[in-house]
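Here the structure comes first, spelled out in structure tokens, and everything after it is commentary.
The values are calculated or read from the model by the stated rules, or taken from the named source; none is laboratory data. Quick caveat, the model's predicted, so the values are computed rather than measured. Backbone-built Cβ (ideal geometry, glycine too); neighbour counts: all protein chains shown. Accessible surface areas use protein heavy atoms only, side chains included; no ligands, DNA or RNA. Shrake-Rupley method; radii C 1.70, N 1.55, O 1.52, S 1.80 Å.
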Amino acid sequence: MLLEGLWLLVLLGVLGRCVAAESPEDLLRKSDLAAAAPQAFRAVLRVTAEKKAIELEVWRSGDNRTLVRFLGPKERGKYLVRQEDRLWFLSPGAKKPVKLAPSFKLKGSASLDDLLGIRYSRDYRIVTFREEEDASGVLAIFDLRAKGRALYPHVRYLVRTASARPVRAEYKLASGKLASVVEFAEWDTTRPTRFKRLVFRDALRNGAVTEVELVEMEERTVPAGLFDLEDSSQRVRLFGARLPAASRPPPAP
């Protein structure tokens, strides 16, 4: 009986460690900021490149519909609309929407996917995984490969295991050549899954730096009419002719 009891304790200890251990897939899901974002939200971003900054207001509904509104005084009435994998530019001076490449850079090195986040846990699979330890603790290193067509077919993703927060992502072309690096430089102290500042370095442009600051973000209902390419009435009703200050968002629909 004593021997059986000892074996039972050993077995329970082994099972306990197995339950407590976190798989690489679990850690990847926990560190996926795009997956943790609200399904519908409004956000204001400040993007700085070459000592010049622009502010963008982003409205997103689900994974497939995004509106980007340019807030500069000379940019009134200009929008980007993302529907599925198609990107369109709307301007008061254009009779029809202009189709853009998904890789279109809003400012400096930052594309729309860069700003809104890439769904690593959904759109990529883990090729290799390892852990290293440095002065700040354990660092998980994922080598990821896109499951389908993607702007960046290969990504090296570094995550601090204790907090499940990403530290850096290295985006690579199909050839394996490094295209861009993003560092998660600062975090919102009140929201563990929300960044405050990102730093992009464009490896294809001699390391040109673009910084992205999350000025504000709120979960809210987003009207479907904001994404209509032909009918602008919903955008006119919500935004009007005057640009509101970023600190004073338009009323909830």
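Table for the structure above
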quantity	calculated
Region 149-196, subset farther than 18 Å from Ser31 by Cβ and among the basic types (Lys, Arg), residue modelled with the lowest pLDDT	Arg149
Residue under evaluation Ser103, criteria (1) touching a helix residue (DSSP H, G or I) at 6+ places or on another chain (Cβ under 9 Å); (2) at pLDDT 85 or above, criterion not met	(2)
Residue in region 71-81 that is in contact with a helix residue (DSSP H, G or I) (Cβ under 6 Å, 6 or more places away or on another chain), modelled with pLDDT of 90 or more, part of a loop (DSSP other than H, G, I, E, B) and surrounded by 12 or more Cβ atoms within 10 Å (Cβ to Cβ) present	no
Filtered residues of region 117-131 (kept if at negative phi and outside any helix (DSSP H, G or I))	Ile118, Arg119, Tyr124, Arg125, Ile126, Val127, Thr128, Phe129, Arg130, Glu131
Residue within region 187-210 that is open to solvent by 50 Å² or more (accessible area, probe 1.4 Å), over 19 Å from Trp88 (Cα atoms) and acidic (Asp, Glu) present	no
